[in-house]
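Working notes for the structure below.
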Amino acid sequence: MFRRTFALVTTALAVGAGVIAGAAPASAAPAPAPAAVVTLTYDDSLAAEFKSAVAQGAANWNASVTNVRLVKAASGQRVNIRVIADNGWPRATLGPVRPTGSGTVWFGREAVNDGYNVVRIITHEFGHSLGLPDRRTGLCSDLMSGSSAPVSCANALPNATERAQVQRNYASALVAQPARTTILVDAA
Ligand SMILES: [Zn+2]
């Protein structure tokens, strides 16, 4: 048990301080080795009127997946995802963002002014940060269908397929962040 825990911590240290070891199992029952949880920080200091929506979007992901967590950056802490309110369409750099990397989400008011749900918008954009592309299926049950779903759609939770993809994206702390920056624009 000690040997396995030691190996896990060594791995975490090797890939950067942003990766923390998962909690050890409470019992000795047979179980898979605890996965390393990837922690990504976000900064909402430029998110203007959307700060509470940003917090809810992060909470939605934290309730949906276990391999990665989105936490608000403390003062002076390295920021992985910057959330910036502006007057364009919502858009984001495509991840998966790594603890040693960074990405940006623009909380565009164009979609808000058109009536789209603000928590769905930011949870969708965080989905891009976590490595999910757009899938414009038109279905409200799909988070990554974005503005192809009806304006009235208030679903702000990823579906099972979307959750599983993010779990895979963060199953290993060693997965590289894309070297090229791709910005996905969510125009209606
Ligand atoms: Zn999108």
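No value in this document is a laboratory result; all are computed from the given coordinates. Values in this document were obtained by computation on a predicted structure and should not be read as measured data. Using ideal geometry, Cβ is built from the backbone for each residue, glycine included, and neighbour counts are taken over all protein chains shown.
What to note about this one:
- Val119 being part of a helix (DSSP H, G or I), more than 14 Å from the ligand (Cβ to nearest atom) and touching a Pro at 6+ places or on another chain (Cβ under 8 Å): no
- Taken over the range 65-95, residues that are in a loop (DSSP other than H, G, I, E, B) and away from the ligand (no atom under 16 Å from the Cβ) amount to 12.
- Flag for Gly57 being under 17 Å from Pro158 (Cβ atoms) and crowded, with 18+ Cβ neighbours inside 10 Å: yes
- The residue that is nearest to the ligand (Cβ to nearest atom), among those in the range 146-161 that are crowded, with 20+ Cβ neighbours inside 10 Å and not hydrophobic (A, V, I, L, M, F, W, C), is Gly146.
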